[in-house]
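As structure tokens, the structure follows; a few thoughts come after it.
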Amino acid sequence: MTAAPLLEITDLHITYWRRSLLGLRGKPFHAVRGASLSIRPGETLGLVGESGSGKSSIANAVLGLAPVSSGSIRFAGSELAAMNARYPPSLRKRIQAVFQDPYSSLNPAMTVEDIITEPLRVHTELTRAERRAKAIELLQRVSLSEEHLRRHPYQFSGGQRQRIAIASALALQPEMIVLDEPVSALDVSTQNQIINLLYERREALGIAYLLIAHDLALVHHISDRIAVMYLGHIVEEGPSDRVFHAPAHPYTKALLDAVPLLDPQAQRRRRAARKSAPAPEAARVAPTGCPYRNRCPSAMKRCAEESPPAYSVAAGGVASCFLLADARPEAASAASATA
Amino acid sequence: MLIVAFAATVLGVLFLLAVLADWVSPYDPLQQDLMSALQWPSSAHWLGTDDLGRDVLSRLIYGCRIAVIATAEATAIALVIGVPIGLFIGYRGGWWDWIVMRVVEALVSIPGIMVAIVIIAILGPGLHRAMIALGILFSTSFLRLTRGVVLAEREEVYVRSARVVGASETRILLRHIFPNIAPPLIVQTTLTVGAVLLAEAGLSFIGLGIQPPQASWGTMLNTAAAFMDLNWFLAIPPGVAIILTVLSVNLLGDVLRDSIGRGIAAAAPPPASAPRVAPLLARAPSDSPQSSRSDEMLRIEALDIVIAMPGATEIPVITDVSLAIAKGETLGLVGESGSGKTLTGLAILGLLGPVLRMTHGSIRLNGRAIHDLDQKALEAVRGSEVAMVFQDPTTSLNPAFTVGSQIAEVLRIKNGLSAEDARRRTVQLIDRVGIPRAAERAQAYPHELSGGMAQRIAIARALSCNPSLLIADEPTTALDVTVQQEILDLFRDLQDEFGMAMMFVTHDLAVAADVCNRIAVMYAGEVVETAEVDALFADPRHPYTRGLLSALPQGSSRNPPLPIIPGSVPRPGTWPTGCRFQNRCDRRVEACEARIPLVGAERMVRCVHYQNARLKAVLS
Amino acid sequence: MLRLVAQRVLALVPLLLIVSVLTFSFTSLLPSDPVDLILGESGTQEQHDMLRKRMGLDQPVQVRYAAWLGKAVRGDLGTSFFSSVSVTDAVLQRLPVTLSLTAFSALIAIVVGVAAGVAAALKPQSLADRLATLGATFGQAVPNFWFGLILVAIFAVGLRWFPATGFVRFSESPSDWLRSVTLPSIALGLSASAAIARQVRSAMVGVLQQDYIRAARAQGLSRSRVILRHALTNAMVPVVAVLSFQITVLLGGALVVEQVFSINGLGTLAIGAVRQQDIPMLQGLVLVMVALVVAVQLITDIIYGLLNPKARPS
């Protein structure tokens, strides 16, 4: 009963080349190393990882903003990776985005009306009046109003700017929106307003979200499934509740343990259970075998010798760790959704 | 404003003279009268005559016309060549960019006047040819400016947004990027006009620009140079004309730059002689006295801080903040952006900067008032008694020096250690903050370290002189969550070992729960609640604290709608009178509009409902 | 350090090559045939052809370029069309004159510019800042040759403290050399010191707002130490980055200012050459100037690398 995926990423590699002195190719930087994941229509996938994990590179690749070295990105049957960032308009308007920093994602030289109606100008034949009517409707949907149309971005607070960005992303009624850290630049007290807005729009319009974030707890609120990235690899993937409450991969566990609890007493108990450690000596990424083994408390000999395949986790999803070796390894395209 | 008026007047007169030259000049500029050559100013010739007896004033007026034509021509050529090429290569990048930029670099590495000389050698001398030469020459600056702005703007997130929308490359370039290039381009144009005027005068002066007998300011100076010993006054009128014109254009450019630049205007300092703390105004005693605590290390009482911009009314940013921290204790100062938590930390160190001023209150460290110390005494306190760790470790270490040298510097200057001892102690400190291979890492530059490593170095430096108070300003906000955990652990360990008091400034209540003994919650420049950490989390009393707690991602694990605090934090200057949280509070009553004091003893809350509850408890 | 130098030298190779191509291509851009220029209307067809052959003008362009470049690298810049002197000799003879003028004025510009810029940046909007900013704006509006004329009128003609014209070589008499270059160098250095002052001011104002300055102050280091060691080191980074450009401007300015003081330097040579369309002379002049600029750029690049660890090769 699984619907056909809307977005399917298979064995994606993204490599950046540092420019050398003469503008020639320099050293490679492997941002994403063989990532696979999929999103069904109307579904939200939370993609979680720390800085440098490659999560934003995946977002950019889906949007046609990052070079794909190898692998495939299929969206509604079309192969995006082969298009070399030149998506036909018919496809372009089905994937929109909201970026992290609302202070730089809105063009300072444009008015709110210009920003919100820009997608309509590019993709539709609507008249100016029709576009304005549409803009007003979109503004109201994000709890802003007509009076804001003529203002410039600098006149708004961070939360309001993010609402404007969302309104612009919704203008073409896309099937999917890539949300790249949409609330991490906002104050705590405004973050939930934006999360609620995103949730409400999804329920109303049936949009699929690819939600990129560093905060597992936040992602958990709104995602159907969560994928966890560590330095270019997806190490775990599964239903949101399962990953959050019963993480299978040691890295996911470490990530969850690192977030301080709101209960000081529980936090004290947790702290007592570990000793403060010096800054890790070994490189963050291991060249062979499991990428996490240098930091992993349960690393075994085997972890250095071979790369762990994706093992299925009993309660749903997969994790790439030999601790799960009793389980049956999944097929290569492991991330394809579980029921 | 005066500057604009001056510049506009000068340029206006210049234009008028250029247009009306035929009517306003008293003589024909070419009419010679060898009988009255080299005359000093007189009623017949207001500015005297030159070597051929021509009237200097008339020649000066006709020179205006040449100046206007010349600059317009050269600037237009420069714009027409430079901007399109700059747009193209900046946006396209790749080989086009590489080749064009190497050619531009080559051109720029030849002195400008030499480039002009060579182009004139090819085209021959004369006004229009010289202006083509200057146009080509100055096109490189437009090209480089346009390319630079395009390169910068191309990486902006709003351009990525436009890509995602599906705007074509041309559309992105012309509709999204170009409007952001226009302001610097306008500034550059005015500056180029000035430069062209100077260059044209220079070329004419050496005889390669305007050809005699035509009158231009440069050729007039050429004549003047030959007769300096006979009549030096000949050099004055054209020189003053050039200076006034270039000055006006440049001033106009500066004003434009300042008014349309996105940069922040340079902040004005307070008057140099003003005391750091304004004389204490007659002011009601603090309505939130802090109960005295044993073993007190820091005590802040009734602190007020304002933004004092010259010519503007003072805007309060911190009002009536009172805090105390005991030895070995960690106080968490929690609040969102704009709450004033960071300023409180900076005020302790006397580092508020030029715009902010402390207008009321006292700060005592170990029982000694430090808020009215002079610069020298304050420098002795900083580092030795109070130290600070900043939010972003990659910017709080000096990029020009090795990290080891930055710690050793403090040890040598503050503690008088010898270079060798300082080096040894530095390595010990770096080792103590958990950095492996300390001696080797001491030689690293800040940009060679990860954020977590750099923050450990910053902590080592802050602790180098055993301060009795450490202020940590959002020290883990810029770090990944697993690194944050390591750094928080380190803070706790170090406090156990060094026994200093700590003021931990953060926006994250959960982080505060982890490291603090007591917490003071700040909102819009005032403390709204203080409590022991366990009590605060078990039973938050202020509606803002409650809202903040439930809004944290860890606060609930259910699906949206998540609990929210409506609205956003009001900016300083827009605070409501009375309770500053009232507009966002779901328990708002009429009494909230009056000023609410911070009440309580061990636990203090600034809320009318808490006030009433306490009153009731006392009465019953 | 060695790698830094090697890297910078390597980066200059394409620049020099492109300059040489540009310089060489003057000949083909010229409206008149060099042979016509030299012989005028008078020569016979045979004479024309012979000269053409002797000058190698019958060869294809890339052969001519290679031959020209090969000679130039060995220091042979050809012979003047008109005076049949070696271009290399003519240029080398005048070079010390222009060079000492440029170097001395650069020294003045850097010292005055940095001092004024720092003083202005320390107290934005103060009297010192306003004066420095006003002075800088004014200084950039004054034509250097006019300023030279005024200096001559006051200090040479009026007060007779300095000679009005001429140049004395350093090797002949250091004190007379100093007297002869002082006025021209001041005239030349004025606008450059104004430009440097503005750059230093804006860089310094920016640096003083940085976190690491606050952190150093929080550590209890004295204000003067923080300004001179921590702030100035970083503020000089962008200034040094454009210093070679300023010196290029000075070199160009020297060509004009020389005329005011009747100094027989590269400027006089260039003006003579352009009047006569003396192509080899102009080519030689451009190449020598670029060589000078490149040398300056190399030095400033290395200083830049020393000031800015991020710019060093890893």
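Taken together, the values in this text are just the output of simple stated rules run on the coordinates, not laboratory data. It should be emphasised that the depicted structure is a prediction, and the values quoted were computed from it without experimental measurement. Quick reminder, even Gly has a Cβ in these numbers, built from the backbone with ideal geometry, and neighbours come from all protein chains shown.
Taking amide hydrogens as placed 1.01 Å from N in the peptide plane, the amide H of B:Val355 sits under 5 Å from that of no residue at least 5 positions away in sequence or on another chain. Start at zero, step by 10 Å, and the Cα-Cα distances of segment C:127-276 spread as 10, 28, 28, 19, 11, 3, 0 percent across the bins. I need the calculated FRET efficiency for the pair B:Leu619 and A:Glu137, taking r as the beta carbon distance and R₀ as 60 Å, to the nearest 0.05. Step by step, r from the Cβ atoms, then E = 0.60. Translational diffusion of chain C was estimated from the Stokes-Einstein equation, with Rh taken as the Kirkwood radius over Cα pairs; at 25 °C and 0.890 mPa s the coefficient is 110 µm²/s. So for the protein assembly as shown, taking the charge dipole from beta-carbon charges (+1 Lys/Arg, -1 Asp/Glu), which of C:Gly166, B:Thr245, A:Pro153 sits furthest toward the positive end? Of the candidates, A:Pro153 comes out farthest on the positive side.
Put in order of Cβ neighbour count within 10 Å, fewest first, the listed residues A:Met300, B:Met131 become A:Met300, B:Met131. In order along segment C:209-225, the Karplus-derived 3J(HN,Hα) couplings, from 6.51 cos²θ - 1.76 cosθ + 1.60 at θ = phi - 60°, round to 8, 6, 4, 5, 6, 4, 5, 5, 5, 5, 7, x, 6, 5, 4, 5, 5 Hz, and Gly and Pro are given as x. Its Cα gyration tensor gives chain B an equivalent ellipsoid, and the semi-axes of that ellipsoid, as √(5λ) in whole Å with the largest first, are 65, 29, 27.
Among the trypsin sites (Lys or Arg not before Pro) in segment A:115-214, those placed in a DSSP loop whose Cβ has at most 13 other Cβ atoms within 10 Å are A:Arg150.
Residues in segment B:89-113, backbone N under 20 Å from the label point at A:Ala85 (7 Å along the Cα-to-beta-carbon vector): list them, ranges by number please. Counting only backbone N, you get B:89-101. Relative to the longest principal axis of the Cα atoms of chain A, the long axis of helix A:128-141 makes an angle of roughly 50 degrees. Placing one equal scatterer on every Cα of segment A:1-136 and applying the Debye formula, the log10 ratio I(q)/I(0) at q = 0.13, 0.17, 0.18, 0.21 Å⁻¹ is -0.73, -1.08, -1.15, -1.29.
Taking the C-alpha atoms only, the angle from helix B:56-92 to the longest principal axis of chain B is near 50 degrees. Computed over segment A:172-291, the convex hull of the alpha-carbon atoms projects to a mean area of 10.0 nm². Taken as Cα centroids, segment B:342-414 and segment C:225-258 sit 32 Å apart, rounded to the nearest whole angstrom.
The mean number of partner chain beta-carbon atoms within 10 angstrom of a residue's beta-carbon across peptide B:481-489 is 6.
The Kirkwood radius of segment B:341-404, taken over pairs of alpha-carbon atoms, gives through the Stokes-Einstein law at 25 °C and 0.890 mPa s a diffusion coefficient of 183 µm² s⁻¹. Counting only Cα atoms, the size of segment B:412-527 along its three principal axes is 47, 29, 25 Å, in decreasing order. Computed over segment C:176-260, the range of Cα coordinates on each principal axis works out to 55, 25, 14 Å, biggest value leading. Per the Kirkwood formula applied to alpha carbons, segment B:1-155 shows a radius of gyration over Rh ratio, Rg over Rh, of 1.15.
Ranked by how many other Cβ atoms sit within 10 Å of their own Cβ, fewest first, the residues A:Glu181, B:Glu526, B:Glu593 fall in the order B:Glu593, A:Glu181, B:Glu526.
Hydrodynamic analysis of segment A:7-245 uses the Kirkwood radius over alpha carbon pairs. Inserted into Stokes-Einstein at 20 °C and 1.002 mPa s, it gives a translational diffusion coefficient of 116 µm²/s.
Calculated FRET efficiency, B:His128 and B:Val80, Cβ-Cβ r, R0 22 Å, to nearest 0.05?
Given R0 = 22 Å and the Cβ-Cβ separation, E is 0.90.
With contributions of -39500 (n - 2.57) from each DSSP H run of at least four residues, the per-residue ellipticity at 222 nm computed over the protein assembly as shown stands at -16000 deg cm²/dmol. Amide H to amide H, with H built 1.01 Å from N, A:Ala310 comes under 5 Å of A:Glu330, counting only residues 5 or more places away or on other chains. When B:Met35, C:Met281, A:Met110 are sorted by how many other C-beta atoms sit within 10 angstrom of their C-beta, beginning with the fewest, the order is B:Met35, A:Met110, C:Met281. Our estimate of slack between B:Ser42 and B:Glu497, defined as 0.36 nm per intervening residue step minus the Cα-Cα distance, is 154.9 nm. On a per residue basis, the convex hull of the C-alpha atoms belonging to segment B:15-73 measures out at 77 Å³.
Using only alpha-carbon positions in the protein assembly as shown, the gyration tensor eigenvalues give semi-axes of 63, 38, 31 Å once each is multiplied by 5 and square-rooted (largest first). Give the distance, in whole Å, between the Cα centre of segment C:259-303 and the Cα centre of segment A:184-214. Distance between centres, Cα-based: 64 Å.
Taking Cα atoms, how many degrees apart are the long axis of helix B:419-432 and the longest axis of chain B, rounded to 10 and kept between 0 and 90? That helix lies at roughly 60 degrees to the long axis.
Dimensions of segment B:388-463 along the principal axes, based on C-alpha atoms and rounded to the nearest Å, stand at 30, 24, 21, largest first. In segment A:125-228, the ratio of gyration radius to Kirkwood radius, Rg to Rh, stands at 0.98 when only Cα atoms are counted.
Counting Lys and Arg as +1 and Asp and Glu as -1 over every other residue whose Cβ lies under 13 Å from the Cβ of B:Pro237, the net charge comes to 0.
Give me Rg/Rg_expected for segment B:527-576, where Rg uses Cα atoms only and Rg_expected = 2.2 N^0.38 Å with N residues. That ratio works out to 1.33. Amide H contacts for A:Leu47 (H built 1.01 Å from N in the peptide plane; partners 5 or more residues away or on another chain; cut-off under 5 Å): A:Leu211, A:Ile212, A:Ala213, A:Ala227.
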